[in-house]
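Novice: Take a look at the following structure, please.
The values are calculated or read from the model by the stated rules, or taken from the named source; none is laboratory data. Remember, predicted model here, so these are calculated numbers, not experimental data. With ideal geometry, Cβ positions are generated from the backbone for all residues, glycine too; neighbour counts draw on all protein chains shown. Protein only, heavy atoms only, side chains kept; ligands, DNA and RNA dropped before computing areas. Shrake-Rupley method; radii C 1.70, N 1.55, O 1.52, S 1.80 Å.
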Amino acid sequence: MGGLLSRLNEEKKSTSTSGVMDSTATREISGFEKLKEKVQGRLIDDMPQAIMTEQNVEKKKAMLRDRIISVTSEESPKLNITLSQREADQMTQVLLDDMIGFGPIQRLLDEEEISEIMVNGPYQIYYEKKGKLILSDVKFKDNEHVMRIIERIVAPIGRRIDESTPYVDARLPDGSRVNALIPPIALNGPTITIRKFKKEKLTINDMVKFGTLTEEMAEFLKAAIMCRLNIVVSGGTGSGKTTTLNILSSFIPEDERIITCEDAAELQLRQPHVVRLETRPANIEGKGAVPMRELIKNTLRMRPERVIVGECRGGEALDMLQAMNTGHDGSLTTGHANTPRDMLARLETMCLMAGMDLPVRAIREQIASAVHMIVQQSRLKDGSRKITYLTEIQGMEGEKVVMQDIFRFEQSGIDEKGKIIGRLKPTGIRPKFAQKFEESGVHLPANIFTDTSKGW
């Protein structure tokens, strides 16, 4: 009841400030909550077996909706509470969300324009919409309410969260990515962060329409995938790396065998021959963990033609580079970094995390020979997402990995609405691997690396 009491106290303060106290509204809210708890208690104690055993989700939802309406109509006279049609519909939806959905955040999940949901304890929920963070008016009842929803998320995929392991990565049935933390490490109460899965599958044309890249860059990236270049998609949190990786993977020919390795499966490959692998945490005895490194090592025994690693975070980067260097061209992965040069430094650091006593020069040579290109994805201050660099890895010069930008974003200002003004343009330099395009029978327009744009 903590969240409800907090809201009532806030309403009392705001109304008393203006000299008016709507006590009737307060009683109605309190009555609504009492009725909701009474109906929910009955539903839990006396749920028809037919509803419990129904396998069809939509049919089960319809049956439960009818049951809620029936129980509400029986219980409301006992508490001397009369609900308007709007309140009755609200009661039904709240109970449905709580019993077979994800509680108060279900309506945020259902709204297509919301891309991310952040639960900071039971009483503070933010969401991202069109690149902007907004404080929601929805709340959980208390910490236990949030914990029930976390358990509902992690249990179906065999994950666990408790005081010994107070954090977990998981996914929703639609593929949305979930991270959850609980006390003692989450001081504000149980915390949930959900990166929503888009129901419609975006294409490269959508990215061009959104201004994420130009048509020339799109054509170039398609050629790079067709010609089996090894590509790292780099970017900060929320910059759109996974979306870009999904779209790039759509250019892989359908007659190739693709194996994906992920911590929480969220890639949406459309080809028919895809084997999806997912890491597994240790069980309650601390055994049975399957880390990313083991997945990648096993992948190489499975005759892959393309290896896609959802994200490199540690020592698995070395295994990924070795895969790229041993005949598995056309492999893809993502990593966290703010510039292409930072991504190289991150790869270097992650390789050192593998625990092998390799000299730094040997690691740099591995990177220079394995990675052909870095696609740098950025989320700009106005909330827009753009591919800010397409950078070629050209090789080694002395102790340093040599890089060359092929395309880059140049900002020229900010308009009166705060929107960033700039343009994506080629640098005018033809990449060294352009010869590989010709050898593979992929012919790009002669002027694709020439700056002919007027700005936008």
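Novice: Let me see the P(r) profile for segment 108-193: every Cα-Cα distance counted, bins of 5 Å, each bin given as a percent of all pairs.
Specialist: Percent of pairs per bin, in order: 3, 15, 25, 25, 20, 9, 2, 0.
Novice: Further, regarding this structure: Based on the alpha-carbon set only, what is the convex hull volume of segment 339-456 divided per residue, in Å³?
Specialist: Spelled out: Cα convex hull of segment 339-456, divided by residues, is 131 Å³.
Novice: Can you pull the percent of segment 140-278's accessible area that's carbon plus sulfur, 1.4 Å probe, other chains left in place?
Specialist: Here carbon and sulfur together make up 51 percent of the probe-accessible area.
Novice: How large is the Kirkwood hydrodynamic radius of segment 49-93, in angstrom, based on all distinct alpha carbon pairs? Kindly include the intermediate steps, with their values, before the conclusion.
Specialist: Working: mean 1/r = 0.0870 Å⁻¹.
With all distinct Cα pairs of segment 49-93 included, I get 11.5 Å.
Novice: Helix-only mean residue ellipticity at 222 nm, the chain, DSSP H runs n ≥ 4 weighted -39,500 (n - 2.57), per residue, nearest 500. What is it? All intermediate terms of the calculation are to be shown ahead of the outcome.
Specialist: Details: 15 runs with 175 residues, N = 456.
Rounded to the nearest 500, it is -12000 deg cm²/dmol.
Novice: Just to confirm my numbers, what's the Cα centroid distance between segment 334-374 and segment 224-250 in Å?
Specialist: 17
Novice: Over the chain, what is the relative contact order in whole percent, taking alpha-carbon pairs under 8 Å and six or more residues apart?
Specialist: 10
Novice: Something else now. Hey, how much of the P(r) for segment 270-386 falls beyond 19 Å, as a percent of Cα pairs?
Specialist: Above the 19 Å cut-off, segment 270-386 has 52 percent of its Cα pairs.
Novice: Right, something else. Please work out, to two decimal places, the log10 of the ratio I(q)/I(0) at q = 0.14, 0.18, 0.19 Å⁻¹ from a Debye calculation in which every Cα of segment 24-171 carries one identical scatterer.
Specialist: Values, matching the q order: -0.82, -1.24, -1.32.
Novice: Now for a separate question. Which entries of K386/K419; K139/K417; K386/K425; K139/K419 have Cα-Cα distances beyond 20 Å here?
Specialist: The pairs that break the limit, which is 20 Å between Cα atoms, are K139/K417; K139/K419.
Novice: Identify all aspartates and glutamates with a Cα-Cα distance to K209 below 18 Å; exclude those on the same chain that are fewer than 8 residues away in sequence.
Specialist: Correct list for K209: E113, E200, E219, D382.
Novice: Which one of G418, T299, Q271 has its Cα pushed farthest toward the positive end of the charge dipole of the chain, where Lys and Arg give +1 and Asp and Glu give -1 at the Cβ?
Specialist: Farthest towards the positive pole: G418.
Novice: Given the C-alpha centroids of segment 80-142 and segment 263-316, what is the distance between them in whole angstrom?
Specialist: Their Cα centres are 34 Å away from one another.
Novice: Taking the Cβ-Cβ separation of S250 and Q124 as r and a Förster radius of 51 Å, what is the calculated FRET efficiency to the nearest 0.05?
Specialist: After rounding to 0.05, the efficiency reads 0.85.
Novice: Starting from the Cα of Q93, step 7 Å along the direction of its Cβ; do the same at K60; then give the gap between the two resulting points in nm.
Specialist: Each label point is offset 7 Å from its Cα along the Cβ direction, giving 2.2 nm.
Novice: How far apart, in nm, are two points set 7 Å out from the Cα along the Cα-to-Cβ line at S384 and at N338?
Specialist: If labels sit at S384 and N338, their model points lie 2.1 nm apart.
Novice: Separate question: Enumerate the residues in segment 216-238 having an amide nitrogen under 19 Å from the point lying 7 Å beyond the Cα of Q411 toward its Cβ.
Specialist: Label zone hits: 234-238.
Novice: On to the next question. Could you work out Rg/(2.2 N^0.38 Å) for segment 229-307, with Rg from alpha carbons only? It would help to have the intermediate numbers written out before the result.
Specialist: Working: Rg = 14.0 Å, N = 79, 2.2 N^0.38 = 11.6 Å.
After normalising by residue count via 2.2 N^0.38 Å, the value is 1.21.
Novice: Based on alpha-carbon positions alone, could you give the equivalent ellipsoid semi-axes of segment 163-245 from the gyration tensor, as √(5λ), descending, whole Å?
Specialist: Details: eigenvalues 242, 39, 27 Å².
After scaling each eigenvalue by five and taking roots: 35, 14, 12 Å.
Novice: Sticking with this structure for a sec: Run the quick spin-label model on Q394 and N205: label points 7 Å from Cα toward the beta carbon, then report their separation in nm to one decimal.
Specialist: 3.7
Novice: Can I ask one more? In vacuo Debye scattering of segment 115-271, one point per C-alpha: log10 I(q)/I(0) at q = 0.08, 0.17, 0.18 Å⁻¹?
Specialist: These q points yield log10 I(q)/I(0) values of -0.30, -1.05, -1.12.
Novice: Now a separate question. How long is segment 80-157 along each principal axis, judged by its Cα atoms, biggest number first, in Å?
Specialist: 43, 30, 21
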